[in-house]
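Notes follow the structure.
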Amino acid sequence: MILLQLLRVYLILIIIRALMSWFKPDPTAPLVRILAWITEPALSPIRRIIPPFSIPKTSIRIDLAPFFVLLIGTWILTKLKF
């Protein structure tokens, strides 16, 4: 049960990091650095498989790694529930 709660909290941290990326936070801010330190181990393997891509003629970059981590995490949560 504790493992499930920790996984839920971790997935919430992934969501917070993804939402914060929309607002371009200061990368030297302590909260941003801690959040990146905690969530990067789950995001970087996905980014090696599916790198972020840019939309041509704009400055928009889309990173799908949080989506896939949330998808996998949610699947694990549903499989571990009894």
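Nothing in this text is a laboratory measurement; each read-out follows from the coordinates by a stated rule. Note that this is a predicted model, so its numbers are computed, not measured. Positions of Cβ are backbone-derived with ideal geometry, glycine not excepted, and every protein chain shown enters the neighbour counts.
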Next item on the list: Go through the stretch 17-37 and give me each residue that's β-branched (Val, Ile, Thr) and surrounded by 14 or more Cβ atoms within 10 Å (Cβ to Cβ).
Entry: Val32
Notebook entry, point to check: If you take the residues of the stretch 38-51 that are within 11 Å of the chain's Cα centre (by Cα) and not small (Gly, Ala, Ser), which of them is surrounded by the most Cβ atoms within 10 Å (Cβ to Cβ)?
Noted result: Thr39
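Test Ile76 against the criterion of being more than 14 Å from the chain's Cα centre (by Cα), part of a helix (DSSP H, G or I), touching a residue at least 12 places away in the same chain (Cβ under 8 Å) and surrounded by 10 or more Cβ atoms within 10 Å (Cβ to Cβ), and give yes or no. If you could, list the steps in order and put the result at the bottom.
Values: more than 14 Å from the chain's Cα centre (by Cα): yes; part of a helix (DSSP H, G or I): yes; touching a residue at least 12 places away in the same chain (Cβ under 8 Å): yes; surrounded by 10 or more Cβ atoms within 10 Å (Cβ to Cβ): yes.
Yes.
Check whether at least one residue in the stretch 52-59 is exposed (fewer than 13 other Cβ atoms within 10 Å of the Cβ), among the polar types (S, T, N, Q) and touching a strand residue (DSSP E or B) at 6+ places or on another chain (Cβ under 6 Å), and report yes or no. Break it down stepwise before answering.
Taking the stretch 52-59 first, the residues exposed (fewer than 13 other Cβ atoms within 10 Å of the Cβ) are 52-59.
Checking which are among the polar types (S, T, N, Q) leaves us with 54, 58-59.
With touching a strand residue (DSSP E or B) at 6+ places or on another chain (Cβ under 6 Å) added as a condition, the list becomes 54.
Yes, the stretch 52-59 contains a residue that is exposed (fewer than 13 other Cβ atoms within 10 Å of the Cβ), among the polar types (S, T, N, Q) and touching a strand residue (DSSP E or B) at 6+ places or on another chain (Cβ under 6 Å).
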Note to self: I'm checking my understanding of the structure. Among residues of the stretch 25-73 that are polar (S, T, N, Q) and not in a loop (DSSP other than H, G, I, E, B), which one is farthest from Tyr10 (Cα to Cα)?
What the structure shows: Ser54
Margin query: Condition first: hydrophobic (A, V, I, L, M, F, W, C) and under 16 Å from Leu43 (Cα atoms). Now tell me which residues in the stretch 60-74 satisfy that.
Written below: Ile62, Leu64, Ala65, Phe67, Phe68, Val69, Leu70, Leu71, Ile72
